[in-house]
Amino acid sequence: MKSLFKSPVLGCCLVLTAGCATSQPNTFTFTADLPPDFTYQAIAVYVPAKGETCTVPGGRNTAVGYNMKWRGNYQPNAEIALRRTVSGCPLVISRIELEIYGTYGKARGDFGADIASVFIREEVEDQYKSVVNEAGESTFYGECQQLFRTSGKPRILRKLLNCKTINAQGERGRGQPFAAYTPDQLPGKTVKMHIKLADEERPGWGDTWVKVPNGWKRCMGKSFEDQDAYCNGNYTEFSTFTMVDGRVCTIYPGCTE
């Protein structure tokens, strides 16, 4: 992707220097509107403020995590600091690294994941700069599609997650969901990530499932033990597969024909 930014560093108004406003809040709220059974995890990354020559030993404590225990203690709202001081070094926020999780079963590994990002830079090109409305809110959008496949000798159904940016009209882009702001846009404001789920699931990669009127059927491949099991022109021999709840099925998503 072409660089979103005109400068790699943050502006002075996030630190208390002469000529900069000091009465603005030092935090903003990040939140997410997600489909059912979806959660997110966020890591706010900080770098030395503009003009600072200090460093943090080992880079320790220069990132703050939110929803790190997303399985059992998920909170959609996170209050994120714009500036922090670590080991005597003034830091400013540079980006938020986001992991989006879509859970489809009860086992610990029954989830798919993809990424999103929020960037904060001193200058952002107009075509990439996110807008904060008069109510102090800004929303960026994404669409996640679940991609199904089979894994292991029992051919257990697993799902991957593929998330792309979309605009407010729902038009899908090529990159992951993202937003970009300048520091002065954020004090006291709310940034929301709005993720919708695609209407249809699809196979994780091509020539492994066959579309039929009421779903998808898994190609047999060379044998049931064939882990790749590409169709290779054989669209008449299919295999069973096992759902995460233990059901043995012949068609997805309905299980039985």
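Would region 87-104 turn up any residue that is within 30 Å of ARG202 (Cα to Cα), assigned by TED's automatic domain parsing to the domain that holds PRO183 and assigned to a loop (DSSP other than H, G, I, E, B)? Checked against the condition, which is being within 30 Å of ARG202 (Cα to Cα), assigned by TED's automatic domain parsing to the domain that holds PRO183 and assigned to a loop (DSSP other than H, G, I, E, B), region 87-104 yields at least one hit.
When region 220-243 is examined, which residues are found to be outside any loop (DSSP other than H, G, I, E, B) and either at pLDDT below 95 or under 26 Å from CYS144 (Cβ atoms) (or both)?
Across region 220-243, the qualifying residues are PHE241, THR242.
ASN133 - would you say it is without any contact (Cβ under 8 Å) to a residue 60 or more places away in the chain, farther than 29 Å from LEU91 by Cβ and of a type in the set (S, T, N, Q)? So ASN133 fails the test. Among the residues of region 185-199, which ones are at pLDDT 95 or above and more than 11 Å from CYS163 (Cα to Cα)? Residues satisfying the conditions are GLN185, LEU186, PRO187, GLY188, LYS189, THR190, VAL191, LYS192, MET193, HIS194. Of all the listed residues (LYS153, LYS192, LYS164), the sole one being touching a strand residue (DSSP E or B) at 6+ places or on another chain (Cβ under 8 Å), touching a residue at least 60 places away in the same chain (Cβ under 8 Å) and assigned by TED's automatic domain parsing to the domain that holds LEU98 is LYS192.
Of VAL118, VAL124, all but one fail to be under 19 Å from ALA32 (Cα atoms) and touching a residue at least 12 places away in the same chain (Cβ under 8 Å); the exception is VAL118.
Looking for something farther than 30 Å from ILE120 by Cα and either among the hydroxyl-bearing types (Ser, Thr, Tyr) or part of a strand (DSSP E or B) (or both) - is there at least one such residue anywhere in region 188-200?
So far as region 188-200 goes, no, none of its residues is farther than 30 Å from ILE120 by Cα and either among the hydroxyl-bearing types (Ser, Thr, Tyr) or part of a strand (DSSP E or B) (or both).
When region 26-61 is filtered for residues that are touching a residue at least 24 places away in the same chain (Cβ under 8 Å), within 19 Å of TYR141 (Cα to Cα) and loosely packed, with under 15 Cβ neighbours inside 10 Å, the ones remaining, listed by number, are ASP33, PRO35, ASP37. The set of residues from region 174-187 being outside any loop (DSSP other than H, G, I, E, B) and without any contact (Cβ under 8 Å) to a residue 60 or more places away in the chain comprises just one member, GLN185. Taken over region 40-67, residues that are closer than 16 Å to ARG95 by Cβ, within 24 Å of the chain's Cα centre (by Cα) and in a loop (DSSP other than H, G, I, E, B) amount to 1. Of the residues making up region 217-257, those that are under 15 Å from GLY206 (Cβ atoms) and of a type in the set (Ser, Thr, Tyr) are TYR230, TYR235. Only residues that are more than 23 Å from GLY254 (Cα to Cα) and surrounded by 14 or more Cβ atoms within 10 Å (Cβ to Cβ): list them for region 188-207, please. Selection gives LYS189, THR190, VAL191, LYS192, MET193, HIS194, ILE195.
Within region 77-103, the residues that satisfy the criterion of being loosely packed, with under 15 Cβ neighbours inside 10 Å and on the phi < 0 side of the Ramachandran plot are ASN77, GLU79, THR85.
The values are calculated or read from the model by the stated rules, or taken from the named source; none is laboratory data. Small disclaimer: the values here were computed from a predicted structure and weren't measured. All Cβ positions, glycine included, derive from the backbone under ideal geometry; neighbour counts span all protein chains shown.
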